[in-house]
Amino acid sequence: MLGLNSSGQLGLGDVQNRGDTPNDMGTKLPPVNLGIGRSTVQVVAGTDLTCARLDNLQVKCWGDNSFGQLGIGNTTRIGDGPGEMGEGTLLAVDLGTGRYALELVAGFGYTCARLDNGGVKCWGNAIALGLGDSSSRGNTPGTMGNALPYVALGTNRKTLALYAGSWHACAQLDDSTVKCWGRNVDGQLGLGDTQARGTAPSQMGDNLPVLNFGAFQTALQLSLGKNHSCVVLDNWSVKCWGSGNLGQLGQGNTSSLGNALGQMGNNLPWVNMGQGRTAAEISSGTEHTCARLDDGRTKCWGSNGTGELGIGDTNNRGNGPGEMGSALPAINLGTGLQAVELVTGELHNCARLDNDAIKCWGFNSAGQLGIGDAVARGALASDMGDALPAVNLGPP
């Protein structure tokens, strides 16, 4: 793990950043100790915390714990000092008797798990937990395990996929609908208002409305940013809603969408990816969005102050007319190389390429790009393409 480590979120027993000096990477980058013989099947990063699903079905989290987001019944940080990780020391999250997680997501001060029975449990910062009150969970003894309520998403409903933004979360349900809860200051919940959901008893369950993407349209994948949300629909088109202040909705303006009646459904415009182009994957940062297209290229739009769009300048895209579609440049990841997977952070992005290399670009103050310095990449054309180094993670 690499990048900022102010709360021990790298799980290396200190608060030293990794990736910002040449001696940090490759074989010199230590593995995270999760217990004797343990391996991971999923790792997720929230704001200053990290969680892993392990091969023995346990969930373990480390880093910042101000709201109880590590799920261990206190607010003590884990991973920032020696002896806090590994066997017998790093506690597993108690999800309830016989329960285990199939999926984890994390945001700003909260973590959620999709469980083996189709239910969802969330802990940490109350604003995104969807539990009908304003109390944090996981921060005191007796608030986890069987005592931790399920998120009520409707009678007999089960969850097929979870998504986390900074302060809001969404679930794809087994009836092909999507429901979202949490903060809603810019309409990021897509419900035609700016009222938060999930902190009052009457807001969840059958009372929580489903999102309207348009007639006969269902979601394949969502991605949530700070105050905006995006979806890839079953026709491989993309729609985004919430805050558009920096062009992250890709509509050629800075207006918000989803915060007033009549803006969702068929009235919510598509994001123009270019003539005949569709999206294979979407990934949202704090105030920018990236898509991997059907032709293998990658395009990003929204905020670009540190080169996070990867197109050789610091001009935002999607906030003015004529900037999207065919006019939006694709990211140059190297000669003959294409992305097969995207992951977006707050102000940076990483792509796994078709040669199995990983390249990252954007903000790099703590070495989060993993290339041995703290210099941002993507603001100059000379930063990208073959000149953009791959992340050196050492031998497999």
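The values are calculated or read from the model by the stated rules, or taken from the named source; none is laboratory data. Because the structure is a prediction, the values reported are computed rather than measured. Neighbour counts are summed over all protein chains in view; Cβ atoms, including those assigned to glycine, are modelled from backbone coordinates with ideal geometry. SASA here: full protein model, heavy atoms, side chains in, ligands and nucleic acids out. Shrake-Rupley method; radii C 1.70, N 1.55, O 1.52, S 1.80 Å.
Any chance segment 337-359 includes a residue that's open to solvent by 40 Å² or more (accessible area, probe 1.4 Å), farther than 24 Å from residue 224 by Cβ and part of a strand (DSSP E or B)? The answer is no; no qualifying residue exists. Does segment 86-102 include one or more residues that are surrounded by 16 or more Cβ atoms within 10 Å (Cβ to Cβ) and polar (S, T, N, Q)? No; the residues of segment 86-102 include none that is surrounded by 16 or more Cβ atoms within 10 Å (Cβ to Cβ) and polar (S, T, N, Q). Screening 12, 34 for residues that are part of a loop (DSSP other than H, G, I, E, B) and in contact with a Pro (Cβ under 7 Å, 6 or more places away or on another chain) leaves exactly one candidate, 12. Of all residues assigned to segment 95-113, at least one qualifies as being among the polar types (S, T, N, Q) and not in a loop (DSSP other than H, G, I, E, B). Checking segment 227-248 against the condition returns no match, with no residue being outside any loop (DSSP other than H, G, I, E, B), touching a residue at least 12 places away in the same chain (Cβ under 8 Å) and open to solvent by 30 Å² or more (accessible area, probe 1.4 Å). Within segment 203-223, being open to solvent by 10 Å² or more (accessible area, probe 1.4 Å) and touching a residue at least 60 places away in the same chain (Cβ under 8 Å) holds for 203, 204, 221, 223. Might you check whether a residue that is touching a residue at least 60 places away in the same chain (Cβ under 8 Å), touching a Leu at 6+ places or on another chain (Cβ under 6 Å) and crowded, with 23+ Cβ neighbours inside 10 Å occurs anywhere in segment 19-33? Within segment 19-33, one or more residues are touching a residue at least 60 places away in the same chain (Cβ under 8 Å), touching a Leu at 6+ places or on another chain (Cβ under 6 Å) and crowded, with 23+ Cβ neighbours inside 10 Å.
Taken together, the residues in segment 49-66 that are open to solvent by 20 Å² or more (accessible area, probe 1.4 Å) and under 18 Å from residue 126 (Cβ atoms) amount to 2. From the list 307, 296, 276, 302, the one residue that fits, being open to solvent by 50 Å² or more (accessible area, probe 1.4 Å) and among the small types (Gly, Ala, Ser), is 276.
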